[in-house]
Structures are given as structure tokens and as C-alpha cells.
Amino acid sequence: MTHASGAPGRGPAPAQEHHPVSGQPAAVPGQRAGADQADADRLLLAEGRAQLWRTAALFLSATAAAGAGLMLPAALGRTLDLLLADDGTGGAPAGRWLAVCAVLTCALVVLDAADTVLTGTLNSRTTARLRSRLVGRLLAVGPLRADRFSGGDLVTRCTGNAAHAGTGPSSVASVLAAVVTPVGALVALALLDLRLAAVFLAGTPLLVLLLRAFSRTSADCVTRYQETQARLAGRLVEALAGARTIAAAGIRERERARVLEPLAELSAHGERMWHVQGRATAQAAVLVPLLQIAVVAVGGLLLSEGELSVGGLVAAARYAVLAAGVGTLVGQLNALVRSRTAARRLAEVLAVSPMATGRRTVPYHPGNTGAGRLELRGVRASYGGETVLRGVDLVVPGGATVAVVGRSGAGKSLLAAVAGRLVEPEAGRVLLEGTDLAELDPAALRQAIGFAFERPVLFGTTVGDALAAGLPAGPEGWRRHQECVRAAAGAACADEFVRTLPHGYDTPRAQAPLSGGEVQRLGLARAFAQSRRVLILDDATSSLDTVTELKVTQALMGTRNAEGPNAGERVSLAARTRLVVAHRAATAARADLTAWLDGGRVRAVAPHRQLWEQPEYRALFGGGSGEDG
Amino acid sequence: MAETTGATGAAGTGAAEARSEPGEARAQARAAGRHPAPAQRGPARAGLRFLLRRPRVLVALAGWSVLEAAHTFALGFALARALDDGFLAGRPALGLAWLSAAACGLLVGAWGTARVYRQVAALTEPLRDELVRRVVGRGLYDAVAAVGVPGDAGQDASGTGAVSRLTHQVEIARDSFAGLVMVSRSFVFTLAGAVLGLFALAPLLLVVVVPPLAAGLAVFAGTLRALARRQRDFLVADEELARELGTAVRALRDVTACGAQAAVRGSVERRVTAERRAADALARWGVARALALGLGGRLPVVLLLVLAPWLLRHGVSAGALAGALTYLTQALLPALQSLVHGLGGAGARLAVVIGRLREGAPRECAATAPMTPPLPLPRETTASGQGGPGVPALELRGVTFAYGPAAAPVLSGLDLTVPADGRLAVVGPSGAGKSTLALLAAGLLRPSAGEIRLYGAPVVPEQRPDPRGMAGRRVLIPQESYVFTGTVRENLCCDTAPPDSALPDSALLGAFEAVGAGALLRRLGGLEAVVDPVALSAGERQQLAFARAYLSPAPLAVLDEAGSRLDPAAEELAESAFARRGGALVVIAHRISSALRADRVLVLDGPRTRCGTHAELLECSPLYRDLVAGWAPPSRV
């Protein structure tokens, strides 16, 4: 292993014990415990207000439709009575009532259509607005604050939950109309004859009892079905992970049969689910018609005594059904409850406050190499609710390489994240060339500081786009920065294997077969291409074999020119300030200075060689061995 | 989203075709190549075939549905009779009797409903079984075909995709198929019951009811295709949005670090807008649905009243009119409503999901297609596959491999010979093609150029068990060891050649001891103990894989960093077990110590690739010198 003998012009600084300035206790920004239902309701209310005329129109059309639906049976009954009484001689009143029926029917069709369009467009607009807000906030809060939600959970919040929450305004508008129908129908029954309403009300407890039977849809057969399904999926996942063994042994068909073994059981549970559901549905299906028959029977008796007309009976039969249609109301209420619950999950994300930004640019100090002096003053930061960095003071001189070492869990990665403002410090400041990172324009900040991670996540359409992700985007994609990207890839020892991909740099990212080491090198290349002043490497060479790591380190230290077709296009990485999280002694040894992180503070800053004399420091790297190959 | 409409027609219920089509062209197990999607058969025709293969279920379904139809019939007819013969005729007792008859019809109908569900189960459960079989088959097929992809990128993708298909998409297909069957069946039989009832009351009533109903259905049928397209667009837009969001969320840290928030937000917003547009288009097409419902369900009521004087003149009774109104408002309108609401949404969902599940379905190729000429095993090959002394175990002649026609080759013009008792170690930087070489030697990748021979016979990629084929001549332990939930015995025997020839317990126990995994076996609790892969450490899984491969009769063993998670001493123990076993050994080295144990070493380093003994390589390969030095204990800090 060769040592980089310090960056040009930077002598090793003497070891000095640091006495951190204690940061003022400040309210933890952006860490509200969550959102309560009031926030969720406010969110829905705001969305409803943003679509006010649509919401109002939907409310009006739904209410009008409910009214028309209530009037129609009465009108039908009245018309029928007049027609029957008329006995074919043709009376004007019958004609008028017939016209009323026709108008009501037409109104119902038109209102139905309006309801469909208004509900659909209102939902789609509200959902889209909620999604935009959510995504915008998510991208602004930074990774640490978003970390409390798992990735899949966030996707669910932006897709399914947003869609459910998006139905909030339309459910509110419809739920009122849904109340009108059963209540109005019951009133109409009472108006026809009080006894009809009484029969209906007497039958209702039966309805409630039977509905309860319906809800007892034996949840355990659903559970068993899902368990079996999970078992099958588990077998499949195992087999997929062992694809090479299966391919080599030529046992694909046998493994297929083995994976499918639980299928018969799944089928049996599935059948049972249908049986249970069939019974429940049948019970529910007799309920409303039985009520209706009871009402008709009473109506018939009234009819035979001349207290009710035929038209009245027909209307009563219909009103009995409408009054029993509490199901619609329950459905709308369920939708509203679901929407409010979903909105609460959105409000939780929106309650996280975004990271502060400013408008300043990074100053250039003439006489410098162009690299930036990075300074952390009394930085406090926590992870997972635990204060990890208590008061970190650290100066990374412009153009120097500083390694950060410490026990696992000492907060090395958090320090790196704070230093490049991936994470906002809870207290203290981080300065680049004397300017607080919080006051920098976001674009200026990102062009100044680049990150490379242990497990980079690449994004962008092609491999080239993934490498150019840190550069200003343009319609032509990565080719706008072609030279820079290729040179950076060369410096990260990535150019060679990228060219072995099916379409080289234009290979779609999702189709690029990449190993962990290759992804890591692409992550390095991305950071090399992006950063102008400071490079922060968080264990970014851990998956590289010794030879590749050496080459990358040489490029990083400026002792090796970039390889590849654009070798002339020299990437002068040495002109940048580098902060390197190190797990291996060799990495620390190559840096100009080592910052020893211990107990949430910087315990010492000194060249590795000097610190190595302390047994406690040596213990960090595993029993004094200089290399943990 | 409100319930939305659209489908590929009532018959377009697109169920999956049960059997995979045999005889289709064989897809090559290409490295990064995707096999082309097979021509899509009409899902409607496939669905029809699926139904027609189950005539007994269909008959039973129809039979039980008739009971439901009888209930519909009774509802209007009994009311008409109760009015005409009972309440209006001054015989309320008879009226009540007719109503009781309707109530009885109701109960019988409910019994039919419960039975109908069983028949629906008999249709949907087999469909689900077929889909599950297909998903599992395809998942394994894809994974096996993608083994050439280095790292775990390809496998990860296919793994999560397959699980989502298995748990999510198959369930959507199951639910929407059942919904389609229920809705269309219910409409048909309600319609039959109501039409029959109207006919029984007074045939003239049909003249009033049928034309508008037919017009409404025609409007619905006419717009169904357009609705289905909108519904599909919406589902696709929704999926794309979810995918884009997934990428953005996964990459959140990196997006922030790159300052690419604006670009990422822009691309997510584009998907959000596309999804909103699709939802709006779908909602606007809902007007057609309302129109169909108005025409077919509501208009007949008004028509009935308009024509009432004429009907009354032609002898239609008051009770019959009331009965007809009951049929229209209580039976036909709700049935039509669930048809126009249910058919579209469920149909389009089913069509989309079935399309997803069908695309790239596995071809049952290896079993039928004449993939390769019969293997000309060399005459001197003995039962164990051991070649004669002169025949090398592995021979590569000018082997070149690239991941695509445009890609730079990973291996280029490689010549290599491993004698029948040889022990070769392969070293080199990551990405130099070590695993590629292992896969080529095992016949899992096909070289772009050159020839590979195992015991004198050319290597051919294969997909099916053939004890006399590749599996009998070489065994590969890949980087990721395969351990599944099952007994130790099942795990051990899963790839020993013939499935029926059980190995004696002593051999199984001996294998564990030989590779140094005796302690693991005791800890697990013997051969019949059930292994939970998650509970094992990576090293323990590797030990199990070692024991399994040790039992293979194949004379050549290829270990691809197979002991990377074991400590050096345990790795040496396992490797030496294979050396003692006899035959040839190729070790893709994770540690340089493996190279020191081999009699020859291959250093893969692009154009500077060298093969020789340890001493020779120290002379001629600077990379090898570096590697050896890198692993040696440091002399200074």
C-alpha cells in the first residue's frame, strides 16, 4: 500500500484535543411527533376550498338527484292512480303528472351524468394536488427526516393514501345527499300512512341483527388464505435467490413443483372463503325484499279497506327500498372516514418541515486552489431520536483530505451528512469558505459539494444519466456533460465496465447488470462529476477490491490521471477538499489528517501516524492490525 | 376513484389460458438478453376456452341461477296477483297468501345465491391456480435465464416483481374475474326472470319495456371498448406513477446529495398529471354509462305510464301495471346499474392484469423443443463421468464473452485447460469476469465466440434435469448459496442427480463432516430438522451448499467464491474436502489464500490475463504481485 504523502502545501497539523463549544439548546426543527386529525381535516378543507365550485356543484347535483329520486315514486304513484281512475278518457291532470315523471326521470339521468363527471374530476384534481404537495415536501425535507417513514410506506402514502384522501371533498358533498334519501323515504312512507312507516321501523332491528351476521364474515379463513399465500411467495423468493444453483443443477421443474406444493391448500382456503361469502350475501339479499314485502302486505290491507290507492302502494313499495338504502349512506360515511384517515397519513408527511435554504453563492477566495474550507462549529445532530453528535467542531482545510474515524455507531456517517447538508444540524453551523450552508442557494450548494456513499442508489433513465445526476439537467440528458461524465467515470475506474454494458453509457439503468462494487464506482463517478469544491466519501470504496480501491484513491489524491478514452480530459480531484469516512486504517493513513470521533465529539484531529500510537485508536481498526482485508 | 367503466366486452373476461403453449421457439438463456414477449392471444378467446373447459360448473351455475331468476319472477308476479285477485278484489287473505308466496320465492332465491357462490368458486379458484402456476413458472424461468447477470441486480428485480405478481396481481385477477362472472350472470338471470314475469302478466308489456332496454344495452355495448381503453390507460398511468415514486423515494438521499430535486420532482409531476388526465377522461366517459342506464332502466318506466291508457284498454290490469313497475324499478334498474358499473371496471382491470401476467410467459421449451443434439459423451467416460487420464476436465479455446453485441467483451480469446485431477484458482479485480468464467464453465452462459469442453464434450446450456448431461459432469456452487425452508435432507438432495435414488444417511452425514459442517448439522438437529434460511448465517448457508455439492457425483467442482462468508480456516477445510474427493476443482478465489492452495492460478486482468503457478505469476503478473502483497499482513502502518 502506498501512502499519499499529504496534499500539496499542507503539512500535518499537531494533534490537539478538542473542547467543543456547547451548542445552545434549540427546539428540534421539523421533528413534530406527527399530525392529529385536525391537521388532516384542515388539509382536506383546504383542498375542498381550492376546488370550491366543483365541490359546490357536486353537492347541489347530488342533493338534487336525491330529491328527484324521492319525488319520483310519489309522482309515479299519483300518475298511476289518475290513469287508473281516468279509465282511458284522457284527463289533463294525468298528463301533467306524466310530464312531471318525465321531467324527473330526465333530471335523474342528467344529474347522474353530472355526478359521475364531477365526482371523477374532483377526485382526480384533489388527488393530483395532494400528490404534488407531498412529493414536493418529501424532496425538500431531506433524507434524514424522511427516514422515519419506510420507502414502501412513502410510496403508499403518495399513491393509495393520496387517492383515498382525494375523495374527501366529494364524499363530504355526497354524504349529505346520501342522508336525504333514507330519511326522506321514511318520511314519505309516514306521509302515505303512519302504519307503513311503523312496519318499516319494526322490521329495522331485524335488519341490524342480520347485518351483524353479515359482518361476521369469518375473518379467520381470510387470514389462513393469506398465510398460505405468503408461504408460497416465500418459497418462490427462496428459489429465485438460488437461481444459479437451480440452473446449474438443471432442477427448475422440480423446484417449480416444490414451490407450488402449498397451492392445493391455498385453493381449499379460497373455496371456503367463497362459501362463507355466499352464505353472508344470501342472508343480506333476503333482508330488504322481506322488509319491502312486509310494507306491501300492510299496504295491501290498507288498500282493501280503501285507505290507500294502488299508486300509493307502488310508491310505498319503492320507498321501503329507498329507506332501507342506508347502505349507500354507510358506504359514503365509510369513504369519508377512509379519506380522513388517509389525509392524516398525508398530514404526517406534510408536518415535517423542509430544510432551510438561502440565496447566497459560495465565495471564491483568490490564492486558494479553488477547493473550499469546510468548518463545523458546535454541530449537534441526532439519529433515530438519539443525539449522536453532541458538539462537533472540525475544520477541513481547503484542498486537504480529512478522514473521519470512530467506533461503529459513533456518528461518522451522520457527521458526513451534516457536513454536506444532507442533514440540517439541530444546533451549530456548517460553513463553506465562511458561508453558512443554510444560507446557500440549493443549486450552488450541490455544485460545490458532492457525496459518494457505501451503497449509492442510482437514478436517471440511462447509466449516463445516473452519472450526470448531480449536474444541471437538460433535455439532452447526460450527453450535455459527456466529457465530464466520461472523465469522472475514468477516475472512478468505471469507464471500462460501463463500456462493456450492452449499450455502454446509454444502457437503460434498470437493465444494466451491475454488481455492488460496480454500483459503488458509479456512485463515486457521479460525485466526481458533480462536486467543484468538496467531496464527501462515506465508506464509498468498501466494496472495491484492493487493486481498484488503490486506483480510485490514487485518482482522488491526484497521483493518477483518469484512464479511458478521455485520458487527456484530466479530472483534477486533488484540487478538492475531501472528507472521507474511513473504516480501514489504510484509508485513514492516506489522509492528511484524521478526525477521531468519540462520544459525539471530535476527540482529536491529527495525522493517522500520530494517533496510531494510542492503543485506543488502534483498537478502532480491530486489534491493531493495520488492514482488515 | 369512483367506480369506473370499460371492458373488452361481456365475453372479454380474458381469463388466462391454462396450459402454456408448447412448441414455441426456445428462448436462449442469454446473459442480459430478454426473451421477446410471445404473441398475445386474444384474452377474450382464452377466457372463453377457460370457461368452456368447465361445462359442468357452467351448468351448475346456470341451474342455481335459475332459482334466483325464479325469485325475480315471483316478486312482480305475486304483487300483481295479490293486487288483482286479493286486495283489489276484496280478498285480503288471498293477497297475503300471494305475498307469502313471494317471500318463499325470496328464500329459495337466497338459497340459490349461496349455491351460486360455490360455483363461482369452482371457476375462480382454478383460474387463480393457473395464474399462480404461471407466475411461479415464469419467475423461475426468468431467474434461471438471467443467471448470467453478475451481481444481484437482475435477480432482485425479478424477485420483487414475481412476488408482487403472486400476491397482488393474481388476487386482482381473481377478484375481478369473480366480479365479472357474478355481475354478468346476475344481469342475465334477472333479465330472464323479469322478462318472463312481464310476459306472464301481459305480453304487451314487453313491447313497452324491451325496445328502450335494448337501446340502453346497445349504447353501453357501443361505448364499452372506448371505456375499456380509458380504464386501461388509467391503470397504466397509475402503475407508472407508483414506479416513478418508488424510484424517487428509494433514491431520496442520493437525489438530495445530487441536488436533483427539481428534475426528479418534474418527472414525478409529469406522471401525476398524466394520471389525472387519464382519470378525467375516464370520468367524462361515465356520461355514456349514465345515458345507457337512463335509456335502458329509467325510460321504460315513463313509457309504461305514457302507454298506460292504451295498455289498460287492451286488458292489462292495474295489478299487472304495478307488477311491471316493480319489475322495472326493483329488478331491472339495479341489475343494469351493477352491470354498467361493474362490468367496465372489473373487465378492464382483469384485462390489464391478465395482460401483465401473460406477457413474457415461460415457454415450456426444454421439454419439447429439440434444443441440442444428443450429447456425445466420450466413450471412455465412466459411470461417474470421470474422463480418461488424457482428457482434460475443462478446456476453453479462444473463448470470448460480451453482454451485448455492442458491448466490450468481458473475456476475450481465453485459452485454458484444467486436467482431470487439476486444481485451478481464479483471481482478479471485481468485474474482471471471474464469475462469468464460472458460469461459462458450468454451461450457464454461452460464449460469444470460442469453444468450451467438459471432459471432451462440448458444453451446452441446458434447462432440464439430465443426469447424463451437464449436472452429471460438473457441479457449481455459486456466490449466493441456495437454502430453502424444508428439512436438511430435502436441502441436501435437491440437486443430486436422479430424484428417486435416495442416498444413504451415512453418505449425507459424511458429506457434512467432510466439508466441516458437522457442528452445524448437530446444531440444526439432524437430517430431518427443518431449516429456516433466515435463521442461518451466510456462512452456515454456504456450509450447507458445500455439503450438497459434495454429494454430487460430478467429477468437476466449480466454486464461485463459495466460502466467502466463512472464516479462512473453515473455507480451507471445505475446499480441501473437494480436493480430497478426487476429480478436478476450479475455485474462484475470494481470498488470495485459495490461490496459494491451487496448483495453477489464472489471473484475470483484461489484456494482461495470465495463467501459471504461483511462482510463475509472481514473476510475470504485476497484478498478482499486488494482490499477494495486499493480502499479506502489513509490514508498516
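Working only with C-alpha atoms, what are the Rg and Dmax values of segment B:394-631, expressed in angstrom?
17.9, 52
Along the Cα-to-Cβ line of A:THR204, 7 Å from the Cα, sits a label point; which residues in segment A:324-341 have backbone N less than 13 Å from it?
A:324-327
When only Cα pairs under 8 Å and 6 or more residues apart are kept, what is the percent relative contact order across segment B:394-631?
25
Between B:THR485 and B:VAL236, what FRET efficiency follows from the Cβ-Cβ distance if R0 is 45 Å, with the result rounded to 0.05?
For R0 = 45 Å, the calculated efficiency reads 0.80.
Enumerate the amide H contacts of A:ALA427 below 5 Å, restricted to partners 5 or more residues apart or on another chain; note that Pro and chain-start residues carry no placed amide H.
Amide H to amide H, under 5 Å and 5 or more residues apart or across chains, A:ALA427 pairs with A:ARG380.
Please compute the average number of Cβ atoms from other chains found within 10 Å of each residue's Cβ in peptide B:92-101.
On the way: counts 7, 2, 0, 6, 5, 0, 2, 5, 2, 0.
Other-chain Cβ atoms within 10 Å of each residue's Cβ, averaged: 3.
Over chain A, what is the relative contact order in percent, taking alpha-carbon pairs closer than 8 angstrom and at least six residues apart? Walk me through the numbers before you get to the answer.
Working: 1033 pairs, mean separation 123.6, N = 629.
Worked out over chain A, it gives 20 percent.
Any idea how far apart B:THR167 and A:ALA510 come out in nm if each label point goes 7 Å out from Cα toward Cβ?
Calculated label separation equals 2.1 nm.
Under the Karplus relation 6.51 cos²θ - 1.76 cosθ + 1.60, θ = phi - 60°, what is the ordered set of whole-Hz ³J(HN,Hα) values for segment A:154-164, x standing for Gly and Pro?
Values, residue by residue: 5, 4, 4, 4, 6, 9, x, 5, 5, 5, 5 Hz.
Averaged across the residues of A:580-590, what count of C-beta atoms belonging to other chains lies within 10 Å of each residue's C-beta?
If you average over the peptide's residues, the count of other-chain Cβ atoms is 1.
Highest mean first, what order results for A:191-200, A:153-162 on Cβ atoms within 10 Å?
Ranking the peptides A:191-200, A:153-162 by packing returns A:153-162, A:191-200.
Note down the net charge around A:ARG377, summing +1 for each Lys or Arg and -1 for each Asp or Glu among other residues with Cβ under 12 Å from its Cβ. Mind dumping the intermediate values first?
Details: positive: A:ARG380, A:ARG429; negative: A:GLU375, A:ASP393, A:ASP436.
Net of charged neighbours comes to -1.
Take each complete run of DSSP H in chain A, measure how far its Cα atoms stretch along the helix's own axis, and keep only those covering 27 Å or more with mean Kyte-Doolittle hydropathy at least 1.0; list them.
Long hydrophobic helices here: A:52-86, A:168-192, A:194-215.
Among B:CYS493, B:ALA441, B:LEU521, whose Cα sits farthest toward the positive end of the charge dipole of segment B:394-631 (+1 at Cβ of Lys/Arg, -1 at Cβ of Asp/Glu, about the Cα centre)?
Going by the charge dipole, the pick is B:ALA441.
Quick check: net charge around B:ARG565, other residues with Cβ under 12 Å of its Cβ, Lys/Arg +1 and Asp/Glu -1?
Here the charged neighbours net out to -3.
Per the helix-only calculation at 222 nm, which mean residue ellipticity applies to chain A, given -39500 (n - 2.57) for every DSSP H run of n ≥ 4 and division by its residues, nearest 500 deg cm²/dmol?
Dividing the helical sum by the residues of chain A leaves -19000 deg cm²/dmol.
Give me the net charge of B:SER593's neighbourhood, meaning all other residues with Cβ under 14 Å from the Cβ of B:SER593; Lys, Arg count +1, Asp, Glu -1.
-2
Taking amide H atoms as placed 1.01 Å from N in the peptide plane, list the residues 5 or more away in sequence, or in a different chain, whose amide H sits under 5 Å from that of B:ASP605.
Amide H to amide H, under 5 Å and 5 or more residues apart or across chains, B:ASP605 pairs with B:ARG610.
What residues qualify as long-range amide H neighbours of B:VAL410, i.e. H under 5 Å apart, gap of 5 or more or another chain, H built at 1.01 Å from N?
B:PHE401, B:ALA402, B:TYR403
Given a Förster distance of 41 Å, report the FRET efficiency between B:ASP175 and A:GLU386 from their Cβ-Cβ distance, rounded to the nearest 0.05.
0.40
What distance in nm lies between label points placed 7 Å from Cα along the C-beta direction at A:ASP41 and B:ALA97?
Those two pseudo-labels are separated by 5.9 nm.
Using mean Cβ contacts within 10 Å as the protection proxy, how do B:178-189, B:72-83 order, highest first? Show your work: numbers first, answer last.
Values: B:178-189: 21.1, B:72-83: 27.2.
Highest-to-lowest ranking by the protection proxy: B:72-83, B:178-189.
Starting at the first residue of segment B:512-528, write each ³J(HN,Hα) from the Karplus equation 6.51 cos²θ - 1.76 cosθ + 1.60 with θ = phi - 60°, in whole Hz, x for Gly and Pro.
Couplings: 4, 5, 4, 8, x, 10, x, 5, 4, 4, 5, 5, 5, x, x, 5, 8 Hz.
We did not get these values from a lab; they are worked out from the coordinates using the rules stated. Note that the structure is a prediction, hence the values are computed from the model and not measured. Here Cβ is always computed from backbone atoms with ideal geometry, including for glycine, and neighbour counts include all displayed protein chains.
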